[in-house]
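Here's the structure, in structure tokens; my notes come after.
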Amino acid sequence: MASVLKVRPEVLGARLRNGRTNARMTQEAVAQATGIARTTIAAMETGKRPVDSGQLRTFAELYRVSEVELLGDDQQPLDLEVKFRSTPSTPALEDAQTNAAITLTRLASGALELESIVSKRAAKQDYPVIHLDRDTDIEQQAEDAALMLRQRYGMGLGPLPNLLSIMEADLGLRIFERPLPSGISGAVAYDVNHGGFIVLNSNHPVERRLGTAAHECGHLLLRNPGVSVLGENDKFEAREERFCDALGRALLMPASSVRRKHAELKNIAGNFTVRHIIVMALYFSVSIEAMTRQMESLKLVPRGMYESLRERGLTSQHTKAVRAEVSTTSSQTFTPQSYFLAAAAIDRELLSIEQVANLLNADIVTTRRLLQRFASGGEDILDFQP
């Protein structure tokens with residue numbers, strides 16, 4: 001005879017409910033799969049009916065979780081109902097979304113248990129609540145919220161390559177980086193008692209992960225409960241999603257800083273090229289897409305610029321080439337600032353290669369090699385094979 005489990009029914013019930021929603025199953029579907037009446041399942045999930053060990057094993061197998069996870073300790077579990085932002089176009093993408101939600105739920109539960117074991121004290125939650133005003137432009141609300149966060153936590157207006165550390169140390173969020181299924185950028189979870197959790201796809205480049213983290217931060221400011229998964233190709237049509245998208249861009253690339261950097265580069269070079277867009281993306285530690293779309297929204301480049309660049313063949317290899325050109329590592333001759341000034345002097349025929357090399361105390365061969373592609377009379381960034 002199956003034994004009755006020694007865990008509070010309301011605790012186990014909440015975990016069973018979370019397991020079911022993570023598996024994207026209704027109570028009716030579970031009833032059909034297990035032969036247990038739907039009313040019995042509902043009573044189990046609300047803690048009004050005990051669960052024996054045989055039933056627990058059945059639920060664990062159906063929801064693809066371990067029995068240990070469902071039992072755990074007697075701590076009240078996270079209340080993380082899964083909310084998918086888009087309807088998956090394929091069964092594979094649906095599975096990917098489900099797996100990402102399950103991964104974050106497990107990570108969040110594990111983090112809380114570890115915090116309890118180590119300190120017996122919950123991590124602080126120190127981030128404001130944002131209420132969207134339907135009468136105010138979403139982009140403006142996002143920019144205001146981003147500036148408020150930067151001022152509140154002393155971030156200034158410069159690049160934020162250490163954003164993840166700030167989100168953990170100052171806002172009290174729990175950030176995880178794990179390999180997630182293809183097609184998934186990350187996921188966010190918020191629980192009123194335990195705060196916020198974010199998982200990022202560690203298969204993505206760091207610039208992409210920063211963008212995902214900044215976007216998901218918006219959901220936590222809005223205090224959206226439960227788990228939601230961000231797909232790589234999700235369209236931000238809902239008002240809240242558009243806010244989070246704009247907040248992510250504004251947080252990483254403040255409008256005033258982007259305009260200033262754009263004017264600085266254009267003033268030095270006399271024009272603004274694709275190479276400069278890549279340089280700005282590297283400066284702000286964001287992806288080329290994020291940088292271009294932010295500049296589009298600020299009307300610094302034409303709308304549709306990013307799609308045009310993709311059609312013209314812009315790839316990550318071009319970014320690597322420009323990164324090598326403006327690298328500030330000890331193996332390089334020029335800092336970005338001296339690089340731009342030297343290239344502009346050559347482009348305007350104000351100085352010769354020899355004169356530039358002399359002023360920068362560099363040899364002629366290295367100077368010529370580093371500057372030959374940058375001048376406007378040379379190859380455009382999209383016209384060479386890196």
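The values are calculated or read from the model by the stated rules, or taken from the named source; none is laboratory data. Since the structure is predicted, the reported quantities are computational estimates derived from the model, not experimental observations. The accessibility values were calculated without ligands, DNA or RNA, using every heavy atom of the protein model including side chains. Shrake-Rupley method; radii C 1.70, N 1.55, O 1.52, S 1.80 Å.
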### Task
Could you work out the Rg to Rh ratio of the stretch 131-284, with Rh taken as the Kirkwood radius (inverse of the mean 1/r over all Cα pairs)?
0.98
#### Entry: Accessible area (Å², per residue) of the stretch 11-69, counting only protein heavy atoms and a probe of 1.4 Å
46 Å²
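Take the solvent-accessible surface of the protein heavy atoms, probe 1.4 Å, and return the percent of it on the stretch 143-187 that carbon and sulfur atoms account for. Write out the running numbers ahead of the final one.
Values: 970 of 1860 Å².
On the stretch 143-187, the fraction of accessible area on carbon and sulfur atoms equals 52 percent.
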### Query
Hey, got the Cα dimensions of the stretch 5-60 along the principal axes, in Å, largest first?
27, 20, 19
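For the stretch 154-194, divide the Cα radius of gyration by the Kirkwood radius and give the resulting Rg/Rh value with two decimals.
On the way: Rg = 13.0 Å, Rh = 12.6 Å.
Rounded to two decimals, Rg/Rh equals 1.04.
For A43 and T273 in one chain, what is 0.36 nm times their gap in residues minus the Cα-Cα distance, to one decimal in nm? Could you put the intermediate results ahead of the total?
Numbers: separation 230, 0.36 × 230 = 82.80 nm, distance 6.38 nm.
Additional length available on full extension: 76.4 nm.
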### Message
Taking all protein chains in place and a 1.4 Å probe, what share, in percent, of the accessible surface of the stretch 224-286 do carbon and sulfur account for?
### Response
46 percent
### Task
Kindly flag which residue pairs out of K235/K266; K235/K261; K261/K320; K261/K299 have an alpha-carbon separation exceeding 23 Å in this structure.
K235/K266; K235/K261
### Message
Assuming 0.36 nm per residue, please report the length gained on full extension of the stretch E264 to S165 beyond their Cα-Cα distance.
### Response
32.7 nm
## Note on the structure
Given a 1.4 Å probe, the accessible area of the stretch 191-286 per residue, as a whole number of Å², is 33 Å²
### Query
In whole Å, how far is the Cα centre of the stretch 224-287 from that of the stretch 184-209?
18 Å
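Solvent-accessible area per residue for the stretch 139-182 at a 1.4 Å probe radius, Å²? Before the final figure, lay out each step's value.
Values: 2030 Å² over 44 residues.
The answer is 46 Å² per residue.
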